[in-house]
1. Out of the residues in segment A:136-156 that are within 14 Å of chain B (Cβ to nearest Cβ) and of a type outside the set (A, V, I, L, M, F, W, C), which is nearest to B:Arg126 (Cα to Cα)?
2. Among the residues that make up segment A:85-95, is at least one of them under 18 Å from A:Ala191 (Cβ atoms), away from DNA strand C (no atom under 16 Å from the Cβ) and not acidic (Asp, Glu)?
3. Among A:Ala55, A:Ala45, which is the only one that is within 16 Å of DNA strand C (Cβ to nearest atom), over 30 Å from A:Lys208 (Cα atoms) and in contact with a Ser or Thr (Cβ under 9 Å, 6 or more places away or on another chain)?
4. Can you tell me how many residues in segment A:186-210 are without any contact (Cβ under 8 Å) to a residue 24 or more places away in the chain and either within 9 Å of chain B (Cβ to nearest Cβ) or aliphatic (A, V, I, L, M) (or both)?
5. Check A:Gln135 against each of (1) surrounded by fewer than 20 Cβ atoms within 10 Å (Cβ to Cβ); (2) of a type in the set (S, T, N, Q); (3) touching a Phe, Trp or Tyr at 6+ places or on another chain (Cβ under 7 Å) and name the one condition it does not meet.
6. Out of all the residues in segment A:26-48, which are without any contact (Cβ under 8 Å) to a residue 60 or more places away in the chain and either in the same structural domain as A:Gly124 (by TED's automatic domain parsing) or within 13 Å of DNA strand D (Cβ to nearest atom) (or both)?
7. Scan segment A:61-72 for residues that are within 11 Å of DNA strand D (Cβ to nearest atom) and surrounded by 17 or more Cβ atoms within 10 Å (Cβ to Cβ) and jot them down.
8. Quickly run through segment A:153-207 and pick out the residues that are under 19 Å from the mean Cα position of the chain (by Cα) and of a type in the set (Gly, Ala, Ser).
There are 2 protein chains.
Amino acid sequence: MEKKKSNNRSFKKATKRYREKEVNIIEGALKVFGEKGFEETTLSAMSQAANISEATFYEYFSSKEEVLFSISKLYTQRELDRMMTIAPYVHGARERMRLIIQAYLEFYENNRLYTAVALLTLKGSRNFLKSEAYQVVREAARTVADVYKEGVHEGVFRDDLDPYLVRNMVLGFIEHLTTQWLLVGRPESIARQRDTIFDMVMRAVEKKPDTNPVELNIQVRGLPVRTDPSESNDNPNNSG
Amino acid sequence: MEKKKSNNRSFKKATKRYREKEVNIIEGALKVFGEKGFEETTLSAMSQAANISEATFYEYFSSKEEVLFSISKLYTQRELDRMMTIAPYVHGARERMRLIIQAYLEFYENNRLYTAVALLTLKGSRNFLKSEAYQVVREAARTVADVYKEGVHEGVFRDDLDPYLVRNMVLGFIEHLTTQWLLVGRPESIARQRDTIFDMVMRAVEKKPDTNPVELNIQVRGLPVRTDPSESNDNPNNSG
DNA sequence: GGCAAATTTGAAAATCGCTCAATTTAGATG
DNA sequence: CATCTAAATTGAGCGATTTTCAAATTTGCC
């Protein structure tokens, strides 16, 4: 019942062969988890998928759950890196928020198998919070709050919201939609909801905008009306 | 592995004593589930919590999972009924939406144990979709989409959103926040976030109000500038 | 080839959900 | 109170699965 503190492979060398087999297990497990679900997956099936005996499995991972965490860490880290590579090329908090929403949706849609495991099983696992994988997931989630803060600095987002709450809205929205997509098959594509979701999020988060349907380039009561808000770019990042 | 179709207690009388013990089991199970999680909960622990033997358990429920579903059905139905009682006294889609948000938040906060079971375990159960309990949960969730449609009719909500998407936003927001509250203990109280959540949802869903910082009533480039956009009410919903 | 370390595994222990035959209890009847 | 019946309960154990471990095999190196 009690979990091992440290993995029993700690005394072994992380040789190339070893690491390859480790990947074998993870990929095999991912496949079986996605098909059967975590609970229905047996050690036997997992071991077969990796072409090893059940006993060998325990040389690589200390439990079924640990594989699950490894999968999560692998996928999330990869996607987070990808997003961090793109982010600098995307200008302004508004567009960064669009990037995040799009990235999450496309990632989920393109990795249905992993997503099923992540949203249906991982979220309910109590030990997950203590895993390294969770730290990576947290880091990814933090980007939402960070971008919101950026937007407040830039003056495009309202400043009276808890960034934490914004994060909950964006990710909750996306994850709930994705869960429905997984379980009920509705909507057919989540990525295609991108623009609507972005629109809804923006309305909740943006400063109450001038919603004039025509372009203005005039002065009213002596105040200049900006049509192109891409100038306020001087504030440093708030990294907290 | 395969589930029984019908419960094996069907031939028994539903005596008072019997129903009392049934409640004992459910309440005991809820406690253990809430503490340990579904997976870590053993039949033995559950039976002890109800002061019966493991064998007796199966005279009342056909599986561990069935108790889980029973718990959900019981709680959700009770809360749904409560909400349906209040709803008629609340006027207008806007206020009804506030009611729903408040009801969900307060229910979750006041039923921490059940909420832990529902959000952490039930959501990940594949069989849940086939259970009666799920139908009740769906019914409760539908109220959000219904209220949105009401709001469109009343002309207070924008008419270009899929009600289904609105539902996903509202419930996703709330559930994600609640999950964080359960697992990380942040925020301290979810019910107290009520007004902010309502405000964010409203901004996403309401018809765009005139938020011009200055009143405009002029023509630019020959096009009339509308200050009051509450006329375009004729296009049908896009339900995709 | 020979050796040590790394890797693998068969077999069995331990746990758990669940079943079933057998026993105990509750309640009615005379 | 004795008897009977149906309801309620349970100990014992089955089958499936996770996990452990000592022994066997493979690999890398001299």
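The values are calculated or read from the model by the stated rules, or taken from the named source; none is laboratory data. Note that the structure is a prediction, hence the values are computed from the model and not measured. Positions of Cβ are generated from backbone atoms using ideal geometry, with glycine treated the same way; all protein chains shown enter the neighbour counts.
1. A:Arg138
2. Yes - at least one qualifying residue is present in segment A:85-95.
3. Exactly one of A:Ala55, A:Ala45 is within 16 Å of DNA strand C (Cβ to nearest atom), over 30 Å from A:Lys208 (Cα atoms) and in contact with a Ser or Thr (Cβ under 9 Å, 6 or more places away or on another chain), namely A:Ala55.
4. Residues meeting the conditions: 9.
5. In the conditions (1) surrounded by fewer than 20 Cβ atoms within 10 Å (Cβ to Cβ); (2) of a type in the set (S, T, N, Q); (3) touching a Phe, Trp or Tyr at 6+ places or on another chain (Cβ under 7 Å), A:Gln135 misses (3) alone.
6. Correct list: A:Ala29, A:Val32, A:Lys36, A:Glu40, A:Thr41, A:Thr42, A:Leu43, A:Ser44, A:Ala45, A:Met46, A:Ser47, A:Gln48.
7. Scanning segment A:61-72 gives A:Phe61, A:Ser62, A:Glu65, A:Glu66, A:Val67.
8. A:Gly172, A:Ser189, A:Ala191
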